[in-house]
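The values are calculated or read from the model by the stated rules, or taken from the named source; none is laboratory data. Here the structure is a predicted model, which means the values were calculated and not measured. Cβ placement follows ideal geometry from the backbone for every residue including glycine, while neighbour counts extend to all protein chains displayed. Ligands, DNA and RNA are excluded from the accessible area calculation, which covers all protein heavy atoms including side chains. Shrake-Rupley method; radii C 1.70, N 1.55, O 1.52, S 1.80 Å.
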Amino acid sequence: MEPNLALELAKHGATLFLLDVPQYTLLGIDTQMFNVGPAFKGIKMIPPGPHFVYYSSSSRDGKEFSPIIGFFFDAGPSEVIVRKWDQQEERLIKVPEEEEERYCHAVRSFEFDRHLGPYGLNQWGEWKQLSNYLTKSVIERIEPIGGEITVTLESDMVTNAHKSTAEKALDEQLGIGKFSRSDDKSQSRGCYYTLIPRVVKRGGMNVEELTSLNLDKTQLLESILIKDFGGSEDLLLGELQFSYIAFLMGQSLAAFLQWKSLVSLLLSCTEAPFCTRTQLFTKFIKVLYYQLKYGLQKDGTDNNGAVSGASALLDDSWFSADSFLYRLCKDFFMLVQDAPMVDGDLLSWTRKLKELLENRLGWEFHHDSAVDGLYFEEGDEFAPVIEMLDEPSFNQNQAA
């Protein structure tokens, strides 16, 4: 990079200034992860906008690592974000205001410049594809008290929820049983995700009518958009991106469950993609495409030594052919294929998503027979029978 350009970026980019982070700590920002060295004090030249920082402290020999802790922040031009390592709690904490001002002045005077690693601008475009609907307001709306996102503070409601075989394997990878806590403190520090009911109820309907209502989630989507997002499609997509990033980079199981709920809601709509919310579904399929494109790529290292690519969580076994995503995508692809009229952009991005899943995972989306897709795990919420369970549900009469 030319010196003049580097200086310009250093002046107007944000800086994440980190004090006393132990050597061997794994520390990531967006799609980049670094192994902390003895002289490291943070990252400079961070483009303005939303970012996600995540880290995992290590043992003294750098061979064992603690569960990841992450937090979102929205960086302004030339802003300096200061955090200090707490040795006892093994996490980054905020510093007193006077101390923060002193460090901000020192950073802007380039006193610590040689201790700051540059943000990998060659990966900026990739991060924007994953976060283009993520805004400061989305972050403030969802983030937990204190801002920290970690599987160790997630509630028993998450750990006791029904899970597929793949999700149980995810529990083991995250060490959820070993590290989870059920005290009041952990209960109050979860993310404020939007509640997405699994079952829609409405008074005065017979079983056939209720089944039809639940097979097409268009009415539920409309009600959630108005009630929880003020009619803003972009806010819903922002939560979808928030939950995916918190899951993939932050290894949050609660975030995965929310991402799954939002994806399931949208892919279970049969009227909205073609009639009422075509633009939303074009944007949604595009978001999902870039999420899976990033999540399924192989690990790699860029020229600055930052690790890039997929988390080990998104391996081929997690995306098995009996997963919820396979079944929902298969039905959605058939829906688009059989529709008499489809928006050109929606059709184009749906084809791209289908090709991605076929090429990366070897999935096949042939509609085999009338009994295709009737084999489900016990308790699977995607089985084609509506059961009126005593669990979170949505009553259409209360939507208004």
Where the accessible area of segment 21-104 is counted over protein heavy atoms with a 1.4 Å probe, how much of it, in %, is carbon and sulfur?
-> 46 percent
Anisotropy class of segment 102-150 from Cα gyration tensor, a/c 1.5 cut | oblate
What do you reckon, how do 7, 356 stack up by accessible area (1.4 Å probe), largest on top?
-> 7, 356
Under the Debye formula (equal points on every Cα, no solvent term), log10 I(q)/I(0) of segment 8-147 at q = 0.10, 0.21 Å⁻¹ | -0.32, -1.49
Packing-based ranking, highest mean first, of 136-149, 94-107, 229-242 given that Cβ atoms within 10 Å are counted = 229-242, 136-149, 94-107
With R₀ set to 22 angstrom, the calculated FRET efficiency between the beta-carbons of residue 276 and residue 337, to the nearest 0.05, is 0.60
FRET E, pair residue 101, residue 78, Förster distance 25 Å, beta-carbon r, rounded to 0.05 | 0.95
Potential lengthening between residue 352 and residue 93 on full extension [0.36 nm per residue; Cα-Cα distance subtracted] = 89.0 nm
Taking a probe of 1.4 Å, how large is the accessible area per residue of segment 1-108, in Å²?
-> 50 Å²
Would you please give the FRET efficiency between residue 23 and residue 136, computed as 1/(1 + (r/R0)^6) with r the Cβ-Cβ distance and R0 = 41 Å, to the nearest 0.05?
-> 0.80
Roughly how many Å² of residue 354 are accessible to a 1.4 Å probe, to the nearest 10?
-> 60 Å²
